[in-house]
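Notes to accompany the following structure.
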Amino acid sequence: MRPRFPLVLSLCAAIAACALGDDDKPSGDSANLASVNACLGGVRPSGGYGFAPAFNDISFRNPIAVAPLPGDNEHFLVVEKAGVINYVANDGTRSVALDIKDRVNSSPNEAGLLGLALHPKFAENGLAFLSYTKPSSTSPANLASVIVRIKSNDGGKTFDKTTLTELLQFDQPYSNHNGGHVAFGPDGRLYASFGDGGSGGDPRGYGQNKDVFLGKMLRIDVDVVPDGQLYGIPEDNPFANGGGKPEIYAYGLRNTWRFNFDSLTGELWAGDVGQNRAEEVDKITLGGNYGWGVREGFRCYKPEPCPVVENAIDPIVEYGRSMGFSITGGYVYRGTALPELQGRYIFGDFGGKIYSIPTTVSPTPPPIATVALTNYSISSFGQDNDGELFILDYGAGKVKRLVPQLSSEGLPAKLSQTGCVLANDPKTPSSKLLAYDVTTPLWSDGAEKYRWISLPPDGKINVAPDGHFDLPNGTVLVKEFRLGGKRIETRLFVRHTDSSWAGYTYEWNADESDALLLLDGKTKEVPNGNGAQVWTYPSRSQCMQCHNGAAGGSLGLEIGMLNMEHDYPADEAGPAARMNQLAKLEQLGAFAAPLPAEPRAKFPNPADESVDVEARARSYVHANCAFCHRPGGPGRGAADFRFSRTFKGTKVCEAEAETGDLGVPDGKLFVPGDPSKSLISLRMHTLDGNRMPPLASAIVDPIGTSVVDGWITTTLMCPY
């Protein structure tokens, strides 16, 4: 739907690879899992802000915009990427105001109906303007961006398709970086943003090329239109009289994803998505050059010596991948419900983070404050007529309101204080926890991992049609990491009372007497039994890059991963036994409804050489890649690594790379028979900035690379 980012394999995932049951390995169990409530008391608030369901919590299909109707506080328009605009009431009743799926090409991951702007005099003239992508036979991506005008004759309840008029159109060379947001400025002109054309690194230099619309902010006049034209050119546009496309307002933008005007000052604020190092917030000004594709954030993107960029304007702030990825621009808050956010620019990203900065821009750059960490795939923000904020969750299809949350209790500073382990022996998990394992290991730089689950009182697990577990509010997942037999980290992954997920990292001290809560991520050298290695303790925002909304929050807790035998200790329910984990959960009454009848999916272990190499590789990429690379996920492009997909359905074979080909001639995502030209393999092998995963991993996985290379080598041709 929007700029995808390299798959992140191993941050704060709630899955691990270990065979519990040996005498030296910890285990926890409970005769009645639904009564487990010792770990963190079962529930915890998530911070000073919460999220209230909008529109009675009804679901939409990939929502990308919400707009209030002028003077109407009861009804809104919600835009779906496929080409539908819904007329929605606060109570959740809705109808289809417009369906143009037949005109929209939304099949590429970032294509579709991408923008809606109501005319400032919409209440009088009923005019709206849309931005979408449509098929184009002259584009190598079969894609063109178009801005259209359309009219409603009933205040937005419906739009008349016969009035749809195309104003501006141009081809897109690739399927990503389409931008596509449109909005009216305080000057009454229509503004539109478009990305640099896609692929990676702006190889054609579109960002600085003033003779194309790609990588630009445009401004046109839809009211004062010369005879024979479809729109007018504001006379103060920088190239109105030559030197570039007259529609251009600003340039040097990579892929501005959501821009909005401060309702008080009229300033234009935007989020511009970075390549590999930096997301940036820009204040867009007339004729401004924001540096791409020579500069990324405050630094040079091109190899040194850095080419000179004409009148380059630095971003207001930038942040790296340790804080998040794929920025979503928001609003300068001018509402009243959240007074402490007054006058601050609120923005977020597709990984679920919400941040704010002061708009006074002093000091420069201003400090970035965290508003909330969520597992939402934030595709857009919105405002109602009173300036209160909406958050759109693309993956789950929900619209939320940002609201104050009165209670804000933090987690205990020490692991021994959480109730998840024994207070006098933190190395021993609480007897109320249930240990579990997965069929397919997640690579974590060779660490041994152990994990447990705690459900709240009366909490029940719902199972989605694809086998993923929807865990109740109050669930706590515990994962312990060891290197060379020595504990280095324990992570708690918590579903809070507002349904949001959050990850918390505890760092073990040298003598393993306790572990301390980290307030931010860190990297340090730790012993591994054979010397030392670099270990990354993820920040809370990094956790959410894997645990995104499209993946369902928790990872690894699904039928195919848990369908395996496990050793359970004796308890009040009976003697020690080895039994199937799904059967154990059923025995404990953990599920809200009976599981599907046999046969049940089971993902093979990648190290099990008795299983076909393709099945093992598909299982590996499901565990290590699919939480980002799936519909609605933050991975770039159309790749879908879920095990349930057919090979054809993964959309990777002979597929062009949208983030660059690493300089490999004829490089594609997956080249049958040739790992040396397959970017899936090359990114797994490298340790530079092209590394997959790009965070929290500094060692190549020997089993994972071997099995994926084996899959590529033994594949003779694409399945289509």
For this session: Roll a 1.4 Å probe over the protein chains and send me the accessible area per residue for segment 318-466 in Å².
Result: 33 Å²
Problem set entry | Which of Ile357, Ile703 is most accessible, then next, and so on - probe 1.4 Å | Ile703, Ile357
Problem set entry | Heavy atoms of Val222 accessible to a 1.4 Å probe, total area in Å² rounded to 10 | 20 Å²
Seminar exercise, completed: Too long for a 19 Å Cα-Cα cut-off, among Lys81/Lys245; Lys121/Lys216; Lys460/Lys602; Lys479/Lys602; Lys486/Lys524; Lys134/Lys161, are Lys81/Lys245; Lys121/Lys216; Lys460/Lys602; Lys479/Lys602
Exercise. Just the accessible area for Cys718, please: 1.4 Å probe, Å², rounded to the nearest 10?
Worked result: 20 Å²
Problem set entry | Restricting segment 131-189 to trypsin sites (Lys or Arg not before Pro) in coil, as DSSP defines it, with at most 16 other Cβ within 10 Å | Lys157
Problem set entry | Label point distance in nm, Val403-Asp236, each placed 7 Å from Cα along Cα→Cβ | 4.2 nm
Exercise. Among (i) 31.6; (ii) 48.6; (iii) 30.1, which is the computed mean projected area of the Cα convex hull in nm²?
Worked result: (i)
Exercise. Ordering Glu279, Glu512 by how much accessible area each has at a 1.4 Å probe, largest first, what is the list?
Worked result: Glu512, Glu279
For this session: Arrange the peptides 166-172, 600-606, 56-62 so that the one whose residues have, on average, the most other Cβ atoms within 10 Å appears first.
Result: 600-606, 166-172, 56-62
Exercise. Using θ = phi - 60° and the Karplus form 6.51 cos²θ - 1.76 cosθ + 1.60, what ³J(HN,Hα) does each residue of segment 322-329 get, whole Hz, x for Gly and Pro?
Worked result: 5, 9, x, 7, 6, 5, 10, x
Seminar exercise, completed: With all protein chains in place and a 1.4 Å probe, Tyr87 shows an accessible area in Å² (nearest 10) of 30 Å²
Exercise. Under a Cβ-Cβ cut-off of 10 Å, what is the net charge of the residues other than Gly553 that fall near it, where Lys and Arg count +1 and Asp and Glu count -1?
Worked result: 0
Exercise. Hey, if we sort Leu164, Leu519, Leu582 by accessible area with the 1.4 Å probe, largest down, what's the order?
Worked result: Leu519, Leu164, Leu582
For this session: On each of the three principal axes of the Cα atoms of segment 567-720, give max minus min coordinate, whole Å, ordered largest first.
Result: 63, 34, 32
Exercise. Taking the Cβ of Ile391 as the center, what net charge do the other residues with Cβ under 14 Å away carry, scoring Lys and Arg +1 and Asp and Glu -1?
Worked result: -1
Seminar exercise, completed: In whole Hz, the Karplus estimates of ³J(HN,Hα) for segment 477-482 (6.51, -1.76, 1.60; θ = phi - 60°; x where Gly or Pro) are 9, 10, 9, 10, 10, 9
For this session: Could you state the angle between the C-alpha long axis of helix 613-624 and the longest principal axis of the C-alpha atoms of the chain, as a value from 0 to 90 degrees rounded to the nearest 10?
Result: 70 degrees
Exercise. When the distances between all Cα atoms of segment 675-720 are binned every 10 Å from zero, what whole-number percent does each bin get?
Worked result: 27, 50, 19, 4
Problem set entry | Using alpha carbons only: equivalent-ellipsoid semi-axes of segment 98-229, gyration tensor based, whole Å | 26, 18, 12
For this session: Could you tell me how many degrees, from 0 to 90 and to the nearest 10, lie between the Cα long axis of helix 702-714 and the main elongation axis, the longest principal axis, of the Cα atoms of the chain?
Result: 60 degrees
Seminar exercise, completed: Whole-Hz Karplus couplings 3J(HN,Hα) for segment 505-510, θ = phi - 60° and coefficients 6.51, -1.76, 1.60, Gly and Pro as x, run 10, 10, 9, 6, 7, 4
Seminar exercise, completed: The extension gain from Cys718 to Asp612, computed as 0.36 nm times the residue separation minus the Cα-Cα distance, is 36.4 nm
Exercise. Assigning unit charges at the beta carbon (Lys, Arg +1; Asp, Glu -1) and nothing else, what dipole magnitude in debye, to the nearest 20, does the chain show about its Cα centre?
Worked result: 320 debye
For this session: Please list 552-559, 282-289 highest first by mean number of surrounding beta-carbon atoms within 10 Å per residue.
Result: 552-559, 282-289
Exercise. For the chain, what is the relative contact order in percent, using Cα pairs closer than 8 Å and at least 6 residues apart in sequence?
Worked result: 16 percent
For this session: Go through 468-479, 382-393 and give me the packing order, highest mean Cβ count within 10 Å leading.
Result: 468-479, 382-393
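The values are calculated or read from the model by the stated rules, or taken from the named source; none is laboratory data. Because the structure is predicted, anything quoted here is derived from the model rather than measured. Neighbour counts run over all protein chains shown; Cβ positions are idealised from the backbone, glycine included. With ligands, DNA and RNA removed, areas are computed over all heavy atoms of the protein, side chains included. Shrake-Rupley method; radii C 1.70, N 1.55, O 1.52, S 1.80 Å.
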